[in-house]
Each structure stands twice: as C-alpha cells, then as structure tokens.
Number of protein chains: 2
Amino acid sequence: MAEIGRRARAAAQVLAQAPATQKDRALAAMAAAVRAQKAAILAANAEDIAEARASGADNAFVDRLSLNEARVEGIAAGIEAVQALKDPVGGVMDAWTRPNGMRIERVRVPLGVIGIIYESRPNVTADAGALCLKSGNAAILRGGSDSSRSSRAIHAALTQGLRAADLPEASISLVPTRDRAAVGQMLGGLDGNIDVIVPRGGKSLVARVQAEARVPVFAHLEGVVHVYVDKAASLDMAKTIVLNAKMRRTGVCGAAETLLVDRACASTHLKPLIEMLIEAGCEIRGDKAVQAVDARVKAASEEDWSTEYLDAIIAAKVVDGVDAAIAHIERYGSHHTDAIITDDQATADKFLTQVDSAIVLHNASTQFADGGEFGFGAEIGIATGRLHARGPVGVEQLTTFKYRIRGSGQIRP
Amino acid sequence: MAEIGRRARAAAQVLAQAPATQKDRALAAMAAAVRAQKAAILAANAEDIAEARASGADNAFVDRLSLNEARVEGIAAGIEAVQALKDPVGGVMDAWTRPNGMRIERVRVPLGVIGIIYESRPNVTADAGALCLKSGNAAILRGGSDSSRSSRAIHAALTQGLRAADLPEASISLVPTRDRAAVGQMLGGLDGNIDVIVPRGGKSLVARVQAEARVPVFAHLEGVVHVYVDKAASLDMAKTIVLNAKMRRTGVCGAAETLLVDRACASTHLKPLIEMLIEAGCEIRGDKAVQAVDARVKAASEEDWSTEYLDAIIAAKVVDGVDAAIAHIERYGSHHTDAIITDDQATADKFLTQVDSAIVLHNASTQFADGGEFGFGAEIGIATGRLHARGPVGVEQLTTFKYRIRGSGQIRP
C-alpha cells in the first residue's frame with residue numbers, strides 16, 4: 001500500500017502538468033478499451049454474480065452488481081462524457097492588479113491524490129477514475145470485494161487507455177480487495193500520499209470513513225430532503241413537484257423524504273396531495289392533522305422526521321407557516337436539499353436564505369440535486385459537508401487553487 | 001464546554017442572517033470599547049507580564065505578550081479595518097440558467113462556528129473575533145494561559161460591542177484557560193458544534209491540532225520559502241528582492257529561508273548576493289559551491305534545506321537551472337510561498353506552473369505572502385493545506401457557499 005501511495009503521488013505530479021489533449025486522449029482510449037474488452041468484462045462480472053448468488057445475496061444487491069451489454073456501453077459512454085467536459089485545470093478563477101502593479105491570479109490546480117472507497121457497483125471504477133483523471137488527479141480506488149473481478153477487468157481497460165496516452169499507469173490504481181488492511185491505511189492517508197477521501201456507498205461505509213479518516217473527506221451522509229408547500233402555493237404546481245420529488249426515483253439522495261404543508265392551506269391542499277401520493281403507491285406517515293385527511297395515513301413516529309427512506313414512503317406534517325417549516329428542517333434535516341413551493345417571492349426568499357442546506361430550491365423538484373442537472377457533467381457524489389466541496393462534486397470541485405503573482409521587481413516596504 | 005458549543009451554534013444561526021449594518025455596528029462598538037477600556041486592558045496585561053517574568057519567560061516571549069498604548073490602539077484600528085471590509089455573506093459567486101429555465105446561483109454563506117486556538121499574543125482575541133463576526137461566523141476562542149487576563153479584558157470589550165448591536169454574546173466566546181481539557185474537546189468538535197479549527201501559534205501547537213483534530217483544520221504549518229535566481233535574472237533585481245525576501249522581517253512566514261542560484265549565472269550573481277546578505281547581518285549556510293565564494297559561509301547540513309529559521313539565517317545552494325530548482329522545492333519545501341527571479345518569461349511560466357505552492361511569485365518578494373498585501377484586508381493566517389482555504393485566510397475564505405435555485409414548476413423528466 002505504501003508503494004501504491006508513492007507511485008500515485010508521482011503520477012499526480014505528472015497529471016498536474018499534463019495538457020488537456022493528453023488526458024482526453026487517455027479517456028478516449030479508455031472508452032475504446034472498455035468497448036473492446038466487453039466480453040472479458042462481462043465474463044468477470046458473471047463470476048462475481050455467481051459468487052454473490054452462491055453466498056445468498058438478494059436481488060437488489062445482485063442488480064447493483066450486474067453488468068450487461070447496455071451497462072458496459074453506458075460505462076464507455078460515461079467516460080466519453082467526462083472527456084467532453086472542459087478541463088478545469090489552469091483556469092483563472094479570479095485576477096486583480098495591486099496598487100504596486102503586481103498582478104495576482106487565482107488559478108485552478110488539481111487536488112493531488114484522491115482515494116475512493118466504494119461498494120458493489122463496478123461502474124464506479126470507471127466513473128471515478130475518469131473524473132479524477134480529467135481533473136488532473138491521481139486516483140487510488142478501493143472497490144467492494146463482491147465486484148472485485150468486474151472492477152479488475154474495467155481497471156485493465158483504464159490502464160490500457162493511460163498507456164495509449166503515455167500517462168503513468170499509477171494515475172489510476174486499484175487496490176486489491178484481498179488486502180483487508182487497505183481501507184484503514186487509506187483512511188490514514190498513506191503517509192501523506194492521499195489528499196482527500198471520497199466514500200461512495202451506504203451509510204455504514206460513509207460513517208466509518210468519516211469517523212476514522214485522518215485526511216479530509218467529501219462525504220454525502222444522508223439526504224433527509226424536505227418539500228414545504230406554502231399557503232401561497234398553487235395546488236397544481238405543488239402536486240406536480242411533490243409527485244416528482246418523491247416518486248420519480250425513490251432511491252436517489254435528492255428524493256423527498258418529508259412533506260411539510262402550511263396550516264393556512266391545509267384545508268385546500270393537504271388532502272389532494274396525500275391522495276395523489278397514496279394513489280401513486282406511496283406510503284404516508286403523518287402527524288395527527290395529516291392522519292385526519294385520509295384513513296390510509298399511518299402515524300409518524302419521532303424517528304420518521306429524520307429518516308431517509310429511499311423508498312416509496314414519505315413523512316408528512318402540517319406546520320405553522322414558513323418559520324415553522326424552516327425550524328423543522330433545521331432540527332431534523334441533513335443540510336442536503338430542500339424545496340419550497342410558493343407564489344410569494346418574499347416567503348421564497350426567506351426560505352432560500354434561512355434554510356442551511358447545500359441546495360435550496362424554489363418551485364422546482366428536489367430531484368434536480370444532481371451534478372448533471374446543474375450542468376457540471378458527471379459527478380462523483382453530492383457532498384453535505386460545509387468545506388471545499390458542497391453539493392454536487394464534479395471535475396471543478398475536484399480541484400483546488402493557487403495564487404500566481406507576476407511582478408516587475410516589487411518588494412514589500 | 002458543551003454548553004459553550006450549543007450557545008455558539010445558536011449564535012451562528014443568528015449571525016448567518018444578520019445584515020452587514022448590524023455586524024458593522026457591533027465592530028464599531030467593539031473598537032470604541034477597546035479604546036474606552038484601554039486602562040483596564042493595560043492593567044490586566046501588566047499582571048500577565050509580571051507573572052510571565054516571575055516564571056522566567058525570555059524577552060521575546062514577553063514582547064509577544066506585551067501591550068502598550070500604541071498596541072491597544074492598533075487592536076482598535078484593526079477591528080475598524082475589518083469593519084471597513086466588504087461583507088462576503090450573500091455574495092453571488094456564480095450564476096447560470098439551465099436549458100429548462102431554472103436559475104442556479106452559488107451564494108456565499110458563513111462556515112458556522114470557528115474554533116481558534118492560539119498562544120500568547122493577546123491581540124489575536126480581537127483580530128480573530130472581528131474576522132469571524134464580519135464573515136457571519138460564531139467564534140470559540142481559546143488563548144494561551146500566559147495572556148489570559150489580557151484576553152479576558154479584550155474579550156469584555158468585544159462582548160460590549162456585541163451587546164450594543166443586539167447580537168448574541170455567544171457570537172464570540174472565550175474559553176477559560178483553567179479548563180485544561182478544553183483544547184481536546186474543541187479538537188473533538190464539541191458534538192458537531194465546531195465546523196473548523198484555526199490554530200494560531202508555533203509548530204508544536206499546529207502539529208498537535210493537525211494530529212488530534214476530528215474537524216477540518218485551516219493550518220499554516222511552516223513556510224520553508226525559496227527564492228530561485230535564474231540565469232536570466234537581472235542582478236540588481238535579484239539583489240533587491242533577495243534582500244527584502246530574507247531581511248525585511250525575518251520572523252514572518254513569507255520570509256525566504258533558502259536561496260537557490262542557477263549554476264549558469266553563479267559566476268556573476270552568486271558572490272554579490274552572498275556578500276550583500278552577510279553585510280546585512282544574515283548568516284549563510286551553503287553547499288560547497290556557495291562556500292567557495294566567501295569564507296564566512298558555513299556548511300549547510302541536509303536538515304538546513306527543510307528548516308524554517310524565522311531568523312537572520314539562509315540556506316543557499318547552486319542548482320542546475322529551473323528544473324533542478326523546482327525539484328529541490330518539491331523535495332524540501334512546504335508548499336507555502338516560492339519565488340523565481342528571471343527576465344525569461346517561459347522559464348517564469350514553467351516555475352509558476354510546476355511549483356506546487358499556495359503562492360508562487362515571479363519577480364516579486366516572498367514577503368508579499370500576506371492577506372493585507374493581497375487586498376483581502378486582515379487575515380486569520382496563511383493556510384498551507386490544499387482544501388477550501390489555501391494561502392491567506394481572510395473574510396471570504398471564512399465562508400462557504402450554497403446553491404440557490406429558482407424555478408417555475410420544473411420537474412425532472
């Protein structure tokens with residue numbers, strides 16, 4: 001592992017100086033290699049699946065693990081989508097001239113070496129590797145043991161792409177899953193050779209990484225996402241947005257988990273919203289006021305207000321206006337994504353200003369919490385921490401900056 | 001301590017929404033209170049000094065601890081300088097409209113609660129408190145026990161300013177120095193009530209904070225600062241800049257610690273540079289080539305190349321051109337501040353691009369490594385980490401951001 005760290009650091013120094021064209025050539029060659037090695041990737045994946053089934057994995061797990069022709073093509077297309085992004089490295093974020101004539105520029109540079117710890121989805125190998133490379137970072141990948149053969153096969157294609165563009169193979173390293181101590185060593189920072197860790201997986205993985213990491217972490221812990229329907233909300237818009245926010249896909253982190261309805265419009269808006277959700281197949285766990293409108297509403301427990309269901313279930317509550325909605329979100333939310341539906345601009349502004357979440361929306365679905373929907377292209381995750389990367393983490397968020405100063409002999413008085 | 005954390009978090013929620021005028025009113029009242037309570041502050045400081053002298057503190061220590069009328073006026077003026085800065089909170093850093101009509105803005109918001117752990121300089125109490133307040137953050141201050149009376153007297157003036165502007169007193173808390181466990185508790189994050197720790201002090205303090213903190217740290221560990229004199233450097237400019245970079249003030253983190261001279265100009269440039277430094281009172285520790293030009297040059301040991309002297313001492317070496325200079329800086333430097341002197345633009349660009357330091361300069365003194373010199377106003381320190389804050393940490397660097405999205409009913413397909 002120490003050797004992997006040293007080689008990654010050396011590769012990062014090469015990548016930091018690599019021109020966009022060279023990185024893009026590697027990405028194009030990676031996509032081509034993934035397509036060319038489709039049969040080998042699918043064969044490796046079949047072995048992973050057979051082993052998972054033999055050890056009694058459930059269907060949802062096997063689905064996350066499984067590749068097929070379309071998914072392999074998706075991996076290749078994903079690499080090409082990253083290739084098509086603008087290279088963030090070298091971009092001037094800000095520039096100004098001091099009274100003494102010195103020109104100061106704030107310039108984007110790569111973070112360095114990024115450690116990615118993930119679980120069973122083999123496509124993360126390619127997604128994360130491509131994003132790190134595009135942003136000039138070396139990547140040290142540690143995937144789940146269940147998908148180790150699939151990840152190795154995909155990694156072989158990435159390595160081939162790096163070689164084709166004369167970039168160091170250590171630009172994207174795959175840590176052997178048989179090395180059980182590897183995760184702990186990565187969390188320790190590999191003697192200063194990992195600059196940031198990105199966990200991609202379930203709550204227990206992310207919680208372990210946050211608890212043990214000795215280097216900065218870009219973690220997305222939970223999305224306890226709220227939609228607040230204000231008294232000045234159009235019922236039609238509220239219905240459209242609530243249905244989409246909850247039911248478009250229930251397993252994504254931007255899916256709504258709690259519905260808050262203003263008491264001042266409960267008599268007109270609550271029943272239609274609840275009935276619509278139930279008819280769409282959603283279970284409702286409500287407070288007394290919500291239970292009163294439909295017999296199918298179950299009673300919410302205290303725990304429901306802070307639960308990320310990632311399922312067709314929603315907690316629902318009647319609140320006394322926008323201030324109570326904000327207070328509820330502050331108390332139970334996870335600072336991820338929250339939305340207000342209202343036609344009152346002042347109320348919307350209050351919500352957008354006071355709700356302390358990475359993403360706050362007015363009259364739009366919370367399912368837009370996604371780097372692609374922001375126009376960032378692919379993302380490595382959505383960060384709920386407050387520092388450096390907050391919200392979708394795309395190639396720009398995988399960079400830092402330095403100050404470049406050009407003078408003509410200036411000295412400080 | 002837990003109660004201090006909870007009250008700071010509550011204060012941070014108020015500060016995040018406080019208008020610039022209210023924060024500025026508090027800062028003006030703080031400056032006035034510092035001036036009005038000058039006698040009390042000086043009396044408290046006299047007690048701290050007497051105790052330090054009684055326990056055998058050296059003159060340099062007593063000087064760092066000491067206040068006088070001019071220094072108290074400097075503290076008040078420093079608070080007013082922070083007041084005069086632009087409020088960073090609410091500033092729109094970026095804004096764009098998506099094809100579906102959603103408007104996305106990236107807006108500056110405070111970090112939350114900032115823990116500052118410092119040593120004997122009592123002025124840090126006011127500097128750090130004012131910077132945190134201006135940027136909408138609550139501050140939990142833990143100063144050195146040697147200056148505890150001085151810090152308490154200054155803190156009393158800050159509290160008076162907060163009260164005058166109807167802001168919570170917990171906006172700036174001072175942790176009692178008699179609570180020995182307090183630093184450890186702060187490093188643990190006070191149950192999630194500290195968002196970032198800023199250590200201000202010597203190496204051992206910063207190293208302890210970095211080793212033990214469970215929350216992000218904005219740390220300035222060391223400034224092993226290099227000046228590289230290239231073969232295409234004008235000797236006059238090299239002399240002016242090297243003298244200023246090393247000798248203007250030797251105790252600041254932007255002071256040069258290593259001089260690298262291109263072998264291709266050593267015959268013309270080395271001797272004048274070395275003689276100039278010796279005549280200015282600087283000790284030289286050189287490699288063989290540097291020792292050859294002047295008998296007063298001492299032999300440099302391996303350790304000298306990575307030493308931050310903060311004194312009138314410089315390590316000096318002859319290197320084979322810009323590539324060797326960059327390699328030396330990468331091996332021995334601290335990623336803080338490094339400069340090249342050359343009239344060759346291509347060589348300068350290579351140095352500015354390849355040297356991986358927070359601040360890189362061409363033809364200017366390294367002593368410009370300072371928030372004030374960047375135009376940031378006051379700074380809380382210079383960060384050498386790679387994430388979030390890098391280089392001078394002023395009010396903007398004490399903020400983070402959120403995404404504010406305004407729609408008109410958009411849902412995700």
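The values are calculated or read from the model by the stated rules, or taken from the named source; none is laboratory data. Predicted, not measured: the structure shown is a model, and the values here were computed from it. Ideal geometry is used to build each Cβ from the backbone, glycine not excepted, and the neighbour counts take in all protein chains shown.
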Name the pairs: first residue in segment A:92-106 and touching a residue at least 12 places away in the same chain (Cβ under 8 Å) and within 9 Å of chain B (Cβ to nearest Cβ), second residue among the hydroxyl-bearing types (Ser, Thr, Tyr) and surrounded by fewer than 16 Cβ atoms within 10 Å (Cβ to Cβ), Cβ to Cβ under 9 Å, at least 6 apart or on different chains?
-> A:102/A:408; A:104/A:97
Select from segment A:203-224 the residues that are surrounded by 18 or more Cβ atoms within 10 Å (Cβ to Cβ) and more than 10 Å from chain B (Cβ to nearest Cβ) and write down the one among them that is nearest to residue A:400 (Cα to Cα).
-> A:219
When restricted to A:249, A:263, the only residue basic (Lys, Arg), closer than 30 Å to residue A:320 by Cα and either surrounded by 19 or more Cβ atoms within 10 Å (Cβ to Cβ) or touching a strand residue (DSSP E or B) at 6+ places or on another chain (Cβ under 8 Å) (or both) is A:263
Filter result (part of a strand (DSSP E or B) and charged (D, E, K, R)) within segment A:388-413 = A:402, A:404, A:406
Return a yes/no flag: does segment A:388-396 have any residue that is within 7 Å of chain B (Cβ to nearest Cβ), among the hydrophobic types (A, V, I, L, M, F, W, C), buried (at least 20 other Cβ atoms within 10 Å of the Cβ) and in contact with a strand residue (DSSP E or B) (Cβ under 9 Å, 6 or more places away or on another chain).
-> no
Hits in segment B:225-238 - residues which are surrounded by 19 or more Cβ atoms within 10 Å (Cβ to Cβ) and under 18 Å from residue B:317 (Cβ atoms) | B:225, B:226, B:227, B:228, B:229, B:230, B:233, B:238
Within segment B:365-387, the residues that are assigned to a loop (DSSP other than H, G, I, E, B), within 7 Å of chain A (Cβ to nearest Cβ) and more than 20 Å from residue A:358 (Cα to Cα) are B:365, B:375, B:386
When residue A:191 is run through (1) surrounded by fewer than 23 Cβ atoms within 10 Å (Cβ to Cβ); (2) in contact with a strand residue (DSSP E or B) (Cβ under 9 Å, 6 or more places away or on another chain); (3) more than 13 Å from chain B (Cβ to nearest Cβ); (4) part of a loop (DSSP other than H, G, I, E, B), the failure sits at (2)
Quickly run through segment B:397-412 and pick out the residues that are at the interface with chain A (Cβ under 7 Å from one of its Cβ atoms) and surrounded by 20 or more Cβ atoms within 10 Å (Cβ to Cβ).
-> B:400, B:402, B:403, B:404, B:405, B:406, B:407, B:410
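Conditions (1) touching a strand residue (DSSP E or B) at 6+ places or on another chain (Cβ under 6 Å); (2) touching a residue at least 24 places away in the same chain (Cβ under 8 Å); (3) within 22 Å of residue A:156 (Cβ to Cβ); (4) among the polar types (S, T, N, Q), marked per residue:
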| residue | (1), (2), (3), (4) |
| --- | --- |
| A:16 | yes, yes, no, no |
| A:20 | no, yes, no, no |
| A:28 | no, yes, yes, no |
| A:37 | no, yes, yes, yes |
| A:42 | no, yes, yes, no |
| A:78 | no, yes, yes, no |
| A:81 | no, yes, yes, no |
Top-ranked residue of segment B:55-65 - restricted to ones that are under 18 Å from residue B:43 (Cα atoms) and under 21 Å from the mean Cα position of the chain (by Cα), ranked as surrounded by the fewest Cβ atoms within 10 Å (Cβ to Cβ) = B:63
Collect the residues in segment B:61-76 that are touching a residue at least 40 places away in the same chain (Cβ under 8 Å) and either aliphatic (A, V, I, L, M) or not in a helix (DSSP H, G or I) (or both), keeping them in residue-number order.
-> B:65, B:67, B:75, B:76
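Yes/no per residue for (1) at pLDDT 90 or above; (2) out of contact with any helix residue (DSSP H, G or I) (no Cβ under 6 Å at 6 or more places or on another chain); (3) on the phi > 0 side of the Ramachandran plot:
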| residue | (1), (2), (3) |
| --- | --- |
| A:363 | yes, yes, yes |
| A:368 | yes, yes, no |
| A:397 | yes, yes, no |
| A:404 | yes, no, no |
First in segment B:344-364 and more than 7 Å from chain A (Cβ to nearest Cβ), second anywhere and hydroxyl-bearing (Ser, Thr, Tyr), Cβ under 7 Å, 6 or more apart | B:348/B:342; B:351/B:228
Report whether or not residue B:257 is in the same structural domain as residue B:347 (by TED's automatic domain parsing), acidic (Asp, Glu) and surrounded by fewer than 22 Cβ atoms within 10 Å (Cβ to Cβ).
-> no
Residue among A:26, A:16, A:44 that is under 13 Å from residue A:89 (Cβ atoms) and of a type outside the set (S, T, N, Q) | A:16
Would you mind telling me which numbered condition in (1) assigned to a loop (DSSP other than H, G, I, E, B); (2) within 14 Å of another protein chain (Cβ to nearest Cβ); (3) in contact with a Leu (Cβ under 9 Å, 6 or more places away or on another chain) residue B:120 fails?
-> (2)
Among the residues of segment A:308-320, which ones are outside any strand (DSSP E or B) and either hydrophobic (A, V, I, L, M, F, W, C) or surrounded by fewer than 16 Cβ atoms within 10 Å (Cβ to Cβ) (or both)?
-> A:310, A:311, A:312, A:320
Taking the condition in a helix (DSSP H, G or I), touching a Leu at 6+ places or on another chain (Cβ under 7 Å), assigned by TED's automatic domain parsing to the domain that holds residue A:8 and not hydroxyl-bearing (Ser, Thr, Tyr), does residue A:183 pass?
-> no
For residue B:305, work out the one condition from (1) outside any loop (DSSP other than H, G, I, E, B); (2) modelled with pLDDT under 95; (3) surrounded by fewer than 22 Cβ atoms within 10 Å (Cβ to Cβ) it doesn't fulfil.
-> (2)
Are any residues in segment A:174-188 under 14 Å from residue A:138 (Cβ atoms) and surrounded by fewer than 23 Cβ atoms within 10 Å (Cβ to Cβ), and if so, which ones?
-> A:174, A:175
Exactly one of B:114, B:104 is closer than 30 Å to residue B:62 by Cβ and assigned to a strand (DSSP E or B), and that residue is B:114
Taking segment A:314-343 on its own, how many of its residues are under 28 Å from the mean Cα position of the chain (by Cα) and either over 20 Å from residue A:239 (Cβ atoms) or without any contact (Cβ under 8 Å) to a residue 40 or more places away in the chain (or both)?
-> 11
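The rows are residues; the columns are (1) under 22 Å from residue A:192 (Cα atoms); (2) surrounded by fewer than 21 Cβ atoms within 10 Å (Cβ to Cβ); (3) small (Gly, Ala, Ser); (4) at pLDDT 95 or above.
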residue: A:96; (1), (2), (3), (4): no, yes, no, yes
residue: A:101; (1), (2), (3), (4): no, yes, yes, yes
residue: A:104; (1), (2), (3), (4): no, no, no, yes
residue: A:111; (1), (2), (3), (4): yes, no, no, yes
residue: A:117; (1), (2), (3), (4): yes, no, no, no
residue: A:132; (1), (2), (3), (4): yes, no, no, yes
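Checking the structure you have, find out if any residue of segment A:225-236 is within 27 Å of residue A:385 (Cβ to Cβ), at pLDDT below 95 and within 13 Å of another protein chain (Cβ to nearest Cβ).
The answer is no; no qualifying residue exists.
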